[in-house]
Amino acid sequence: MLTREQFHALLANGPLLLDGATGSNLQKAGMPKGCCTEQWVLNNPDALVALQRRYAESGSDIIYAPTFQAQPIALEKVGLAGRTEEINKKLVELSRSAAPGCLIAGDLTTLAVYCDSWDEGNFDLLVENYRRQIAGLLAGGADLLAAETLMYPTEAEAILTAAELEGAECVLYTFTMQPDGALFSGREVGPVLRELEESGAAAVGFNCVAADMMTPGLVSRLRRYVKGPLVCKPNAGVPVIGADGIPVYPQTPEEFAKIVLECRENGANILGGCCGTAPEFIAAVRAALGA
């Protein structure tokens, strides 16, 4: 796994590009809505490999392994909690085979669906879940960890603790937020990111925020708090729910890339896409950066 210093050295050559959405693109490839993504991918690896190869070809420097909810408390719902470490290991290895020239990030997320993850009384529960997941990610050879779509500071603190206990040094932390830019805990996001940075985060920022609503201004505001690398991984606009119940995101790759370029100009230097994006969105961002 990379050290923070090694990761920061990579940024000296210019911004790093993340990938885009995974789940929605796997649904287009046949994954049933509402299933356990991790289980489906292990049973249908070709769909993931094809998607991640397209991201690599589009210019992604960092690919997120499909381990978004591969924590014991989530895997228990499908009877796989006992295989947590094995599942995380295999999914990192699968991503490595798909994109051998990219850095592979082990992906972690909020546990708010499964417990009161805002409650400090559940801190030990959070740490234990994240520790088991991180152990598997490291066993699979993850180059770094990406804690994304976090909702509460307690989750980030638990991941920070779990990462330290498992010896994982390079971790990115990104929060989703309310339309006014506040966290779901009600706290202002800037001070929270600054605290994480001071506690050893390799990079901090946001994801799963509609690009056309607030991203460029948000980046400028966050840059006043964050001294180091700043992550910008927005959605492709505000979705409209289709007749089939699946969200449809309105932005074109070019419209999305224009906003992400503004984010870059305002201080973000780790760029990617979240909901509604696909490899062509990353390719448009790469072209907009002139790289």
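Observations on the model:
- Each residue in the range 218-244 was checked for being under 19 Å from Cys208 (Cβ atoms) and touching a residue at least 12 places away in the same chain (Cβ under 8 Å), and 16 pass.
- Lone unmet requirement of (1) out of contact with any helix residue (DSSP H, G or I) (no Cβ under 7 Å at 6 or more places or on another chain); (2) of a type outside the set (Ser, Thr, Tyr); (3) over 23 Å from Gly190 (Cα atoms) for Ile270: (3)
- Subset tally (residues that are at negative phi and either in contact with a Ser or Thr (Cβ under 6 Å, 6 or more places away or on another chain) or of a type in the set (Val, Ile, Thr) (or both)) for the range 161-209: 11
- Selection from the range 77-92 of residues that are touching a helix residue (DSSP H, G or I) at 6+ places or on another chain (Cβ under 9 Å), surrounded by fewer than 18 Cβ atoms within 10 Å (Cβ to Cβ) and not small (Gly, Ala, Ser): Val78, Glu86
- Criterion violated by Pro250 - all others in (1) part of a strand (DSSP E or B); (2) loosely packed, with under 15 Cβ neighbours inside 10 Å; (3) of a type outside the set (Val, Ile, Thr) satisfied: (1)
- Verdict on Ala47 being closer than 22 Å to Val248 by Cα and either surrounded by fewer than 24 Cβ atoms within 10 Å (Cβ to Cβ) or not charged (D, E, K, R) (or both): yes
- Residue match in the range 66-89 (condition: hydrophobic (A, V, I, L, M, F, W, C), modelled with pLDDT under 95 and closer than 23 Å to Gly200 by Cα): no
- Being assigned to a loop (DSSP other than H, G, I, E, B), free of Cβ contacts under 8 Å to residues at least 40 places away in the same chain and of a type outside the set (Phe, Trp, Tyr) is a property that holds for Asp116.
The values are calculated or read from the model by the stated rules, or taken from the named source; none is laboratory data. Because the structure is predicted, anything quoted here is derived from the model rather than measured. Here Cβ is always computed from backbone atoms with ideal geometry, including for glycine, and neighbour counts include all displayed protein chains.
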